[in-house]
Amino acid sequence: MQKSRIVNALLFSLISLPALADNYSTELNIGRSEYNGQSDDNSWQLALTRYLSPVSTDNGPYGVNAFLSHSGYFKLSGSQSDQLDRYNISARTINSDDWLMGAGASDDNPQGDSRSHSYYLEAGRYLDDATLATFYYHRLEGGPVNADTFGATLSRYLGSSESGLWTQADISRINGSQGLDAFVVAGHSQLFLAKNWSVGAGLTYVHSDNQQMVRLIKGVQKTRYEVSSRYWFAPQASVGLTMSMEEGDGAAWQLDLGYRL
């Protein structure tokens, strides 16, 4: 009951916010996940993103403003649950020729297991105003297994300033110690029915010798299916809901509130 009152108060606050200027530089997101699978792993998430240049809310639907503005960023995020606490720091820069470089690090503290840490490097380029290709390397150390991940991501938006389709495809190979390997392919899309409303779907395929290794690197253990929706009350305030299910396991939902400054 207490959680419900808190969420209702936050939603009312977002609806009551006045309209914002055309640009923003900071974004705050807070989320809550509930999972009814075998692990009963419920969690809270918090993320703070500071963009290196102002992001225009006039550049496409609100959900792809930063992507279409080619904005670099500095980001701090974390999540806490009964099974795993994770803290992340990342940054991305994009030069005037649309070349991209990024780096990040994370610290993972799973319950009942050894602590691990990881870092990643990425490089890529905007092929045009609405298409981004990146390649990345991720290193996991210190936990139950060490692993090197090599991957590539392609993101694209097709549409107008009011509506359109955003898609992202990611493919990666994980080479773990002790001969533990994995292959992961993910595809996600968001259909913007209006500038302030989107619906989405996603699939992450996992072929792995070690589910815990994939979870620490990708945030999933098994093949996952998901649907989502996000609504913007104003250019600076939104609420999102995601429902997901992992193969052979339970279902989960996540409520996410966002605010821009």
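Couple of notes before you dig in:
- Residue 158 open to solvent by 50 Å² or more (accessible area, probe 1.4 Å), among the aliphatic types (A, V, I, L, M), within 15 Å of residue 192 (Cα to Cα) and within 22 Å of the chain's Cα centre (by Cα): yes
- Test set (1) touching a Lys or Arg at 6+ places or on another chain (Cβ under 6 Å); (2) open to solvent by less than 40 Å² (accessible area, probe 1.4 Å); (3) closer than 20 Å to residue 91 by Cα - residue 151 fails condition number: (1)
- The lone exception for residue 200 - which of (1) surrounded by fewer than 17 Cβ atoms within 10 Å (Cβ to Cβ); (2) part of a strand (DSSP E or B); (3) not β-branched (Val, Ile, Thr) it fails: (1)
- Listed by position, the strands (runs of 3 or more DSSP E) inside segment 214-261 whose residues that are open to solvent by 50 Å² or more (accessible area, probe 1.4 Å) and hydrophobic (A, V, I, L, M, F, W, C) number at least 2 are 224-234, 237-246.
- Selection within segment 57-78: residues that are open to solvent by 30 Å² or more (accessible area, probe 1.4 Å) and assigned to a strand (DSSP E or B). The member of this set that is nearest to residue 248 (Cα to Cα) is 77.
- Test: residue in segment 58-70 that is out of contact with any helix residue (DSSP H, G or I) (no Cβ under 9 Å at 6 or more places or on another chain) and farther than 22 Å from residue 167 by Cα: no
- Residues satisfying the stated conditions in segment 96-149, i.e. of a type in the set (Val, Ile, Thr) and more than 21 Å from residue 173 (Cα to Cα): 131
- The set of residues in segment 180-208 being touching a helix residue (DSSP H, G or I) at 6+ places or on another chain (Cβ under 7 Å) and either within 15 Å of residue 239 (Cα to Cα) or at pLDDT 95 or above (or both) consists of 182, 184, 190, 192, 195, 196, 198, 206.
- Taken together, 40, 113, 108, 85 contain a single residue that is at pLDDT below 95, open to solvent by 20 Å² or more (accessible area, probe 1.4 Å), closer than 26 Å to residue 220 by Cβ and part of a strand (DSSP E or B), which is 85.
The values are calculated or read from the model by the stated rules, or taken from the named source; none is laboratory data. Just so we're clear, the structure is a prediction, and the values are computed from it rather than from any experiment. Every residue, glycine among them, receives a Cβ derived from its backbone with ideal geometry; neighbour counts consider all protein chains shown. With ligands, DNA and RNA removed, areas are computed over all heavy atoms of the protein, side chains included. Shrake-Rupley method; radii C 1.70, N 1.55, O 1.52, S 1.80 Å.
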